[in-house]
Amino acid sequence: MKIFKRLIILVVVAIVVNVVTNKFLDYSSSSNDNQRQISLLRKAMVNRDSDATIHYVTKGDESKTLGKTLFEKAVAYTGVADEGDYIKYNLSSYRTRVSYVKKVGEYQYDIDYHFEFYTNLKQEQAVATRVKAVAKTLEGKSDYQKIKYINDYITSHVSYRNIGTLAHTAYGALHYGKAVCQGYTLLMYRMLLACGIDNRMIVGTGFNGERSASHSWNIIKLKGAYYNNDVTWNDTVPANRYFLRGNDFFIATHQSDKEYQSTSFRTSYPLSNTDYV
């Protein structure tokens, strides 16, 4: 079965309470600054910075949840190829340290993040170059043609093999031509978005007879609906059996995690019950 590494969240909250008045933090808690801080945190992760500090002000004590909340907003889906799911599933772990100064009517926070990524910036720059080249060749093609080409490009250039940490990355798939499901799916995600094709990376369980294992695949938007596509399993015999399939077929062998089964997610990403024809 396919191998998938799940993000280990090490949220270490160290709260330092200092009742002093001589510390000034850079940002207020207005909605605009909130978005700015989230963007700064997202940019740090895109750049593969191992450490980042965010300054934040709230009216109440949010020390136990603030670090995780800002992180989840920073890795939320944006439609940009190297953000969203691509960041989230390139992280092996992260931890936070929260300190704050309590003043009258507000809490001023410093939130220190430490990230452990599977890849570094140089490797991601190499991915960007390759992805851009593929996207260039697909200019003027229909959405279906882009999806089919990218699916076939990956299955013809990548072999399923666990070569260690990099097997879980798009870099491993492109540079070494070897990956497990996480690497296959991340590369599909990034290439599709680079070509303007909306998609999400789905994490769950794959079933093969009596065996099951953590697995990942994509849901891809085409003509107003989303279709399941398992590029890893498409790289088997018979080829492309899991290409743009509807739920009626797909649920027999794939079960998504609970976060993808919520009403809000299903409303945002309506999956077709029938295959794309």
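The values are calculated or read from the model by the stated rules, or taken from the named source; none is laboratory data. What you see is a predicted model; the values in this text were computed from it and never measured. Glycine gets a Cβ as well: all are built from the backbone with ideal geometry, and neighbour counts include every protein chain shown.
In the range 123-132 there is at least one residue matching the filter, namely being in contact (Cβ under 8 Å) with a residue 24 or more places away in the chain and in contact with a His (Cβ under 7 Å, 6 or more places away or on another chain).
One residue stands out in the range 164-196 among those that are of a type in the set (Val, Ile, Thr) and closer than 21 Å to ILE219 by Cα: the one that is surrounded by the fewest Cβ atoms within 10 Å (Cβ to Cβ), namely VAL180.
I'm trying to understand the selection: among the residues of the range 127-146, which are in a helix (DSSP H, G or I) and either touching a Leu at 6+ places or on another chain (Cβ under 7 Å) or loosely packed, with under 13 Cβ neighbours inside 10 Å (or both)? Scanning the range 127-146 gives VAL127, THR129, ARG130, LYS132, ALA133, LYS136, THR137, ASP143, TYR144, GLN145, LYS146.
Within the range 79-97, residues that are touching a residue at least 24 places away in the same chain (Cβ under 8 Å) reach partners that are polar (S, T, N, Q) and in a strand (DSSP E or B) with beta carbons closer than 8 Å, at six or more positions or on different chains, in the pairs TYR89/SER216.
Can ILE202 be described as in contact with a helix residue (DSSP H, G or I) (Cβ under 7 Å, 6 or more places away or on another chain) and free of Cβ contacts under 8 Å to residues at least 60 places away in the same chain?
Yes, satisfied.
Answer yes or no as to whether GLY204 is at pLDDT 95 or above, in contact with an Asp or Glu (Cβ under 6 Å, 6 or more places away or on another chain) and of a type outside the set (A, V, I, L, M, F, W, C).
Details: at pLDDT 95 or above: yes; in contact with an Asp or Glu (Cβ under 6 Å, 6 or more places away or on another chain): yes; of a type outside the set (A, V, I, L, M, F, W, C): yes.
Judged against the criteria, GLY204 is a match.
Restricting the range 197-224 to residues that are touching a Gly at 6+ places or on another chain (Cβ under 9 Å) and of a type in the set (A, V, I, L, M), the residue that is surrounded by the most Cβ atoms within 10 Å (Cβ to Cβ) is MET201. When the helices (runs of 4 or more DSSP H) confined to the range 164-277 are screened for residues that are among the β-branched types (Val, Ile, Thr), those reaching at least 2 such residues are found at 231-234, 263-268.
For the range 231-241, check the following and say yes or no: at least one residue is closer than 19 Å to GLY84 by Cα, within 18 Å of the chain's Cα centre (by Cα) and not aromatic (Phe, Trp, Tyr).
Checked the range 231-241: no residue is closer than 19 Å to GLY84 by Cα, within 18 Å of the chain's Cα centre (by Cα) and not aromatic (Phe, Trp, Tyr).
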